[in-house]
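So the structure is just underneath, and the comments pick up after that.
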Amino acid sequence: MKKILAISGSTRKQSSNLTIIKKIQELTADNWEMTICDYPELLPHYNPDLDTEVAPELVNAFRKAVSESDGVLICTPEYAMGIPGTLKNALDWTVSVGSFSQKAVAVITASSLGEKAHESLIGTIRIIDAKLPDETTLLISNIRTKFDANGTLIDMDTLARITTTLQHFGRLLTTS
């Protein structure tokens with residue numbers, strides 16, 4: 001079983017992005033052991049003065065979780081035309097130690113629009129040397145229209161697009 005670290009860019013407990021991650025966890029349970037990282041908002045603000053061999057404990061735990069995974073799935077909304085600050089902060093903490101170097105990554109941006117955040121996140125992930133082919137990225141605009149009142153994904157086209165992205169991610173995991 002491949003070990004996948006899933007990171008939601010949203011800090012909302014009932015976010016569409018976390019719902020998507022949980023759906024993916026359900027869809028891939030036979031092949032992937034998925035751990036949902038539920039603490040990015042608790043990481044201290046990135047500070048190069050603290051980015052030493054003895055970084056803050058939670059930072060070290062996050063870096064280790066990324067490094068020990070076979071792949072990372074990031075599902076995020078767009079906030080003010082960019083990626084959420086907590087997600088960018090978490091990624092910044094991994095740069096100096098190369099946690100994402102050659103790591104298989106899938107990126108799903110699920111938001112009202114999401115184009116700017118999607119583009120920004122892809123650029124960040126690629127600059128930190130992760131493996132992120134276009135086939136493992138997915139932009140889902142108008143995300144709230146894809147769920148019913150109970151939070152169930154009801155848009156079959158979106159589910160099909162997620163499934164296709166996961167198939168490409170699975171292939172990437174086997175070649176990494």
For Q102, work out the one condition from (1) exposed (fewer than 14 other Cβ atoms within 10 Å of the Cβ); (2) modelled with pLDDT under 95 it doesn't fulfil. (2)
Tell me yes or no: at least one residue of region 109-126 is in contact with a Gly (Cβ under 6 Å, 6 or more places away or on another chain), at pLDDT 95 or above, under 23 Å from K23 (Cβ atoms) and not acidic (D, E). yes
I'd like the residue in region 37-56 that is surrounded by 17 or more Cβ atoms within 10 Å (Cβ to Cβ) and within 14 Å of the chain's Cα centre (by Cα) and, out of all such residues, is modelled with the lowest pLDDT. P40
Answer with yes or no whether M81 is free of Cβ contacts under 8 Å to residues at least 60 places away in the same chain and on the phi > 0 side of the Ramachandran plot. yes
From (1) surrounded by 24 or more Cβ atoms within 10 Å (Cβ to Cβ); (2) over 21 Å from G123 (Cβ atoms); (3) of a type outside the set (G, A, S); (4) touching an Asp or Glu at 6+ places or on another chain (Cβ under 9 Å), pick out the condition that doesn't hold for T11. (1)
Members of region 135-145 that are modelled with pLDDT of 95 or more and either surrounded by 14 or more Cβ atoms within 10 Å (Cβ to Cβ) or touching a strand residue (DSSP E or B) at 6+ places or on another chain (Cβ under 8 Å) (or both): E135, T136, T137, L138, L139, I140, S141
Candidates A65, A55, A29, filtered to the one that is in contact (Cβ under 8 Å) with a residue 12 or more places away in the chain, of a type outside the set (S, T, N, Q) and part of a loop (DSSP other than H, G, I, E, B): A55
Filter region 90-136 down to residues that are among the acidic types (D, E) and not in a loop (DSSP other than H, G, I, E, B) and give me whichever is farthest from A160 (Cα to Cα). D92
Condition met for A130 (modelled with pLDDT of 95 or more, surrounded by 15 or more Cβ atoms within 10 Å (Cβ to Cβ) and among the aliphatic types (A, V, I, L, M)): yes
Can we say V107 is among the aliphatic types (A, V, I, L, M), without any contact (Cβ under 8 Å) to a residue 40 or more places away in the chain and surrounded by fewer than 22 Cβ atoms within 10 Å (Cβ to Cβ)? no
Give me the residue from region 14-26 that is in contact (Cβ under 8 Å) with a residue 60 or more places away in the chain and among the β-branched types (V, I, T) and, out of that set, surrounded by the fewest Cβ atoms within 10 Å (Cβ to Cβ). T19
Are any of the residues in region 61-71 loosely packed, with under 15 Cβ neighbours inside 10 Å and under 20 Å from L138 (Cβ atoms)? no
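The values are calculated or read from the model by the stated rules, or taken from the named source; none is laboratory data. Keep in mind that this is a model prediction, so the values were computed, not measured. Here the Cβ is made from the backbone with ideal geometry for all residues, glycine too, and neighbour counts use every protein chain on show.
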